[in-house]
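Visitor: Attaching a single structure in structure tokens format; questions to follow.
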Amino acid sequence: MDISPDQVQRALLALAAFVVSVSVHEFGHAFVADRLGDRLPRTQGRLTLSPLAHIDLIGTIVMPLVGALLPGGYPLIAWGKPVQTNPRNYTARLSRRVGHMLVSLAGPAMNLLLAIAVSIVFVVLGRSGHLSPTVAAVLLRYVLALNLVLMFFNLIPLPPLDGGAVLAAILPESLQFIPRALERYGMILFFILFLSGVLAVFMRPAYALIGIWSDALRRSVAA
């Protein structure tokens, strides 16, 4: 397989964006858990935005880099180092399920905040005349799009994704057997959805939002 310099450049840009996005995502989990009274992420050094605390060598570096160099573009399978939490340490004002849901939602919320921050930078640079086509492509394709994809993907209600904790929190006690069963067979179900193409259906809203959001940013700069 021949790899051109352009492919290497795109792969490195994609890797850098993924490392930053994953670090922000995992920091969100650690920060909210810490605010709820769980000091475990703090003692493990996860209460930081430094990528060194959040990257997994295989999932955050090797898989994205190899996937980005392969035909077809950015990899669909990649991950960061999960933040370990102890729900028993959460404040007594919240149930463990609600606390766990808030911690889980913090990751996707941070990806949304990063997408908003990138959008602000895009508009400021564009209206000041300092937005080159290269920078625009990096901000939209490698940061904005990636973070919106990560947000939607992690909200799929299937453990071990963050959406699994949300599902467990909103279901009544009589239906808790559902998230427990999903947690037991979550990875098997995930690969079934992935290989069958059903996962792509779940992600359609993300791709639609990316198109609308990107077009709105371009119009705001061109106006």
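Visitor: Report, ordered by the first and then the second residue, all pairs with beta carbons closer than 9 Å, sequence separation of six or more or different chains, a first member in the range 130-151 that is more than 16 Å from residue 120 (Cβ to Cβ) and touching a residue at least 60 places away in the same chain (Cβ under 8 Å), and a second member that is of a type in the set (Phe, Trp, Tyr) and buried (at least 22 other Cβ atoms within 10 Å of the Cβ).
Guide: Qualifying pairs under 9 Å: 142/18; 146/18; 150/18.
Visitor: Of all residues in the range 22-39, which are more than 24 Å from residue 138 (Cβ to Cβ) and crowded, with 17+ Cβ neighbours inside 10 Å?
Guide: 29, 30, 31, 32, 33, 34, 36, 38
Visitor: For the range 22-39, which residues satisfy the criterion of being touching a residue at least 24 places away in the same chain (Cβ under 8 Å) and assigned to a helix (DSSP H, G or I)?
Guide: Listed by number, the residues that qualify are 22, 23, 24, 25, 26, 27, 28, 29, 30, 31, 32, 33.
Visitor: Separate question: How many residues does the range 118-132 hold that are touching a helix residue (DSSP H, G or I) at 6+ places or on another chain (Cβ under 8 Å) and either part of a loop (DSSP other than H, G, I, E, B) or not charged (D, E, K, R) (or both)?
Guide: Qualifying residue count for the region: 8.
Visitor: When the residues of the range 51-60 are filtered to those that are outside any loop (DSSP other than H, G, I, E, B), surrounded by 14 or more Cβ atoms within 10 Å (Cβ to Cβ) and modelled with pLDDT of 95 or more, which remaining residue is nearest to the chain's Cα centre (by Cα)?
Guide: Selected residue: 51.
Visitor: Given the residues 65, 146, 139, 167, which is the only one that is in a helix (DSSP H, G or I) and under 12 Å from the mean Cα position of the chain (by Cα)?
Guide: 146
Conditions (1) out of contact with any helix residue (DSSP H, G or I) (no Cβ under 9 Å at 6 or more places or on another chain); (2) assigned to a helix (DSSP H, G or I); (3) buried (at least 22 other Cβ atoms within 10 Å of the Cβ); (4) at pLDDT below 90, marked per residue:
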position: 1; (1), (2), (3), (4): no, no, no, yes
position: 17; (1), (2), (3), (4): no, yes, yes, no
position: 20; (1), (2), (3), (4): no, yes, no, no
position: 41; (1), (2), (3), (4): no, yes, yes, no
position: 49; (1), (2), (3), (4): no, no, no, no
position: 75; (1), (2), (3), (4): no, no, no, yes
position: 83; (1), (2), (3), (4): no, no, yes, no
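Visitor: Just name the residue that is surrounded by the most Cβ atoms within 10 Å (Cβ to Cβ) out of those in the range 170-209 that are without any contact (Cβ under 8 Å) to a residue 24 or more places away in the chain and not in a helix (DSSP H, G or I).
Guide: 171
The values are calculated or read from the model by the stated rules, or taken from the named source; none is laboratory data. This structure is a prediction, so every number in the text was calculated from the model and none was measured. So basically every Cβ, Gly included, is an ideal-geometry build from the backbone, and we count neighbours across all protein chains shown.
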